[in-house]
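Enquirer: Below you will find the structure I want to go over with you.
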Amino acid sequence: MQPDGSEIRRQREQRGYGLRRFANAAEISHTHLSRIERGIKGAQPEVMARIAQLLDCGISDIERDRTEPNDERDEHRLALHDDEGTRRRAADDA
């Protein structure tokens with residue numbers, strides 16, 4: 001599953017949870033939660049279920065739409081490739 005990390009972080013912070021406290025309640029490490037929120041890691045369905053339960057929402061509310069890029073890094077990588085898929089030099093962007 002591909003979690004919507006920014007939505008998870010937004011809802012977690014809105015409910016007053018710190019990263020470590022929320023991770024402990026979700027029974028995952030704080031580093032794993034951090035990676036999920038930053039879009040670096042996916043999450044197993046059971047982890048998504050625990051996160052959704054803690055946030056009092058459905059899994060679909062915190063799951064990323066598969067048509068959206070994973071995070072800003074994906075958008076940046078895509079922007080650095082031209083139509084043929086080759087990488088442009090930074091000087092070409094200036």
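The values are calculated or read from the model by the stated rules, or taken from the named source; none is laboratory data. Please read these numbers as outputs of a predicted model, since none were measured by experiment. Here the Cβ positions follow ideal geometry from the backbone for every residue, glycine too, while neighbour counts run over all protein chains shown. Side chains are part of the model used for accessible areas, which takes the heavy atoms of the whole protein and leaves out ligands, DNA and RNA. Shrake-Rupley method; radii C 1.70, N 1.55, O 1.52, S 1.80 Å.
Enquirer: Do the conditions hold for Arg35, that is, is it open to solvent by 50 Å² or more (accessible area, probe 1.4 Å), in contact with a Lys or Arg (Cβ under 9 Å, 6 or more places away or on another chain) and either at pLDDT below 95 or outside any loop (DSSP other than H, G, I, E, B) (or both)? Outline the logic, then answer.
Expert: Details: open to solvent by 50 Å² or more (accessible area, probe 1.4 Å): yes; in contact with a Lys or Arg (Cβ under 9 Å, 6 or more places away or on another chain): yes; either at pLDDT below 95 or outside any loop (DSSP other than H, G, I, E, B) (or both): yes.
In short, yes.
Enquirer: If you go through the range 45-57, how many residues are surrounded by 11 or more Cβ atoms within 10 Å (Cβ to Cβ) and either assigned to a loop (DSSP other than H, G, I, E, B) or at pLDDT below 95 (or both)?
Expert: 1
Enquirer: Show the residue pairs meeting these rules: Cβ distance below 7 Å; 6+ apart or different chains; first residue within the range 1-24 and open to solvent by less than 40 Å² (accessible area, probe 1.4 Å); second residue at pLDDT 95 or above and hydroxyl-bearing (Ser, Thr, Tyr).
Expert: Ala23/Ser29
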